[in-house]
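Worksheet: the structure to be examined is printed underneath.
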Amino acid sequence: MDKARIVEVGPRDGLQNEKGVIPLATKVELVQRLAESGLSTIEAGAFVSPKWVPQMADTAAVLATLDLGGPVHYPVLVPNDWGLDAALEAGVREIAVFGAASEAFSQKNINATISESLKRFESVMHRAQQAGIRVRGYVSCVVGCPYEGEVAPRKVAEVAAELHAMGCYEVSLGDTIGVGTPRQVQAMLEAVMRTVPVERLAGHFHDTYGMAVANIHAAYAAGVRTFDASVAGLGGCPYAQGASGNVATEDVAYLLHGLGVETGIDLSRLVATAWFIADALGRAPASRVAHALGRPA
Ligand code: HMG
Ligand code: MG
């Protein structure tokens, strides 16, 4: 049976854009329930400036409750050496650096040009490797940018290749504002796959136009086997106005299971988790599958 890996990003990408304060206990219960739903990689937070993204300020406190040496991986975002220091202090085994294929987005999101950001990441990578920590790389705006419009596949391929060459074990390609359609995703992947082997790529689709599941299907057909997703379709990027949440993890699991692909996910537990976090945030889950399967009794 074919297998795919789902990287759950709900506790980070999903919650980073929330305006209200989310109690630490709610975040911790969310992460625990996700692990119990069979997810083996759960992005648990971000060591970014709390002035830029207040919602991630308690990342160290979330990590302190988790078994960081166990079978489940809990990576966190790290933009610079300062973030790496915090990640090392917290005892994480994996981090993710995050760059962009669009200059304007890079500037708004991390206050650096693309080339400055890559220099920062090299320093982070060097120190992370010395500490035995795995590093994943993100490229944002792989199809469109909220400030620059369409993004050329060649630009995505260049940034992805730099992250891969630097030592990122995987490069996650982000349709940050969820504007892509399968044809664009296919063209972008064709360009990227000329510079990075497809086994080292992941798809990260936001669902603004409801195209994320179709885009995942297209990426799957192109050979991608790792997909990022956010339970209940939570999220959005604070520096990408109008961008909705990630594709919902339960929708991706339903799609992949329907294709006969193993994910390790227990769909009914995951749907219960979607309702748990939706209730905690005071709104309904954004996914179709959570509604179709309904609130657990
Ligand atoms: P800056 O202001 O240029 O940083 O921000 P700086 O080095 O000049 O430092 C300014 C202040 O920030 C100093 O504090 C530093 O100590 C502090 P002050 O002296 O003013 O009190 N600082 C930090 N604090 C905590 N953690 C740190 C850190 N670094 C400096 N790591 C910086 C540059 C990168 C820090 C800032 O722009 C930032 O934190 N950006 C993060 C934005 C973010 O988290 N965006 C969302 C995640 S990306 C995303 O969602 C896309 C993705 O999902 C993929 C996709 O969908 O495409 C991954
Ligand atoms: Mg994202």
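The values are calculated or read from the model by the stated rules, or taken from the named source; none is laboratory data. Only a predicted model underlies this, so the values are computations on that prediction, with no experimental measurement involved. Using ideal geometry, Cβ is built from the backbone for each residue, glycine included, and neighbour counts are taken over all protein chains shown. Ligands, DNA and RNA are excluded from the accessible area calculation, which covers all protein heavy atoms including side chains. Shrake-Rupley method; radii C 1.70, N 1.55, O 1.52, S 1.80 Å.
Structure notes:
- Among (1) open to solvent by 50 Å² or more (accessible area, probe 1.4 Å); (2) within 15 Å of ligand 1 (Cβ to nearest atom); (3) of a type outside the set (A, V, I, L, M, F, W, C); (4) in a loop (DSSP other than H, G, I, E, B), the one test that Lys155 misses: (4)
- Among the residues making up the stretch 99-117, a single one is in contact with a Phe, Trp or Tyr (Cβ under 7 Å, 6 or more places away or on another chain) and away from ligand 2 (no atom under 16 Å from the Cβ): Ala104.
- Restricting the stretch 204-249 to residues that are assigned to a loop (DSSP other than H, G, I, E, B) and over 24 Å from Lys108 (Cα atoms) leaves a set whose member that is farthest from ligand 1 (Cβ to nearest atom) is Gly223.
- Out of Ala202, Ala253, Ala229, one residue alone is open to solvent by less than 10 Å² (accessible area, probe 1.4 Å), more than 16 Å from ligand 2 (Cβ to nearest atom), among the small types (Gly, Ala, Ser) and touching a strand residue (DSSP E or B) at 6+ places or on another chain (Cβ under 8 Å). It is Ala253.
For (1) touching a His at 6+ places or on another chain (Cβ under 9 Å); (2) aliphatic (A, V, I, L, M); (3) not in a loop (DSSP other than H, G, I, E, B), each residue gets a yes or a no:
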{"residue": "Leu163", "(1), (2), (3)": "no, yes, yes"}
{"residue": "Gly174", "(1), (2), (3)": "yes, no, yes"}
{"residue": "Glu199", "(1), (2), (3)": "no, no, yes"}
{"residue": "Ala202", "(1), (2), (3)": "no, yes, yes"}
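- Only one of Arg127, Arg134 that is within 24 Å of Ala87 (Cα to Cα), touching a Lys or Arg at 6+ places or on another chain (Cβ under 7 Å) and open to solvent by 10 Å² or more (accessible area, probe 1.4 Å): Arg134
- Checking each residue in the stretch 274-292 for being over 13 Å from Asp251 (Cα atoms) and outside any loop (DSSP other than H, G, I, E, B) picks out Trp275, Phe276, Ile277, Ala278, Asp279, Ala280, Leu281.
- Those helices (runs of 4 or more DSSP H) of the stretch 16-94 in which at least 2 residues are away from ligand 1 (no atom under 14 Å from the Cβ), considering only elements entirely within it, cover 24-36, 59-64.
- Hits in the stretch 174-199 - residues which are crowded, with 21+ Cβ neighbours inside 10 Å and among the polar types (S, T, N, Q): Thr176
- All conditions in (1) part of a helix (DSSP H, G or I); (2) in contact with a Phe, Trp or Tyr (Cβ under 8 Å, 6 or more places away or on another chain); (3) more than 30 Å from Gly149 (Cβ to Cβ) hold for Val252, with the sole exception of (3).
- Test: residue in the stretch 258-267 that is over 22 Å from Pro182 (Cα atoms) and of a type in the set (A, V, I, L, M, F, W, C): yes
- Positions within the stretch 124-153 being under 19 Å from the mean Cα position of the chain (by Cα), more than 12 Å from Val97 (Cβ to Cβ) and not small (Gly, Ala, Ser), in sequence order: Cys141, Val142, Val143, Cys145, Pro146
- Residue check, Val156 of a type outside the set (D, E, K, R) and under 16 Å from the mean Cα position of the chain (by Cα): no
- Cβ-Cβ under 6 Å pairs, at least 6 apart or on other chains, the stretch 253-265 side in contact (Cβ under 8 Å) with a residue 40 or more places away in the chain, far side assigned to a helix (DSSP H, G or I) and not acidic (Asp, Glu): Ala253/Leu267; Leu255/Val213; Thr263/Ala253; Thr263/Leu256; Ile265/Ala253
- The residues listed here are Lys51, Lys3; of these, the one that is touching a residue at least 12 places away in the same chain (Cβ under 8 Å), open to solvent by 40 Å² or more (accessible area, probe 1.4 Å) and over 23 Å from Ala286 (Cβ atoms) is Lys3.
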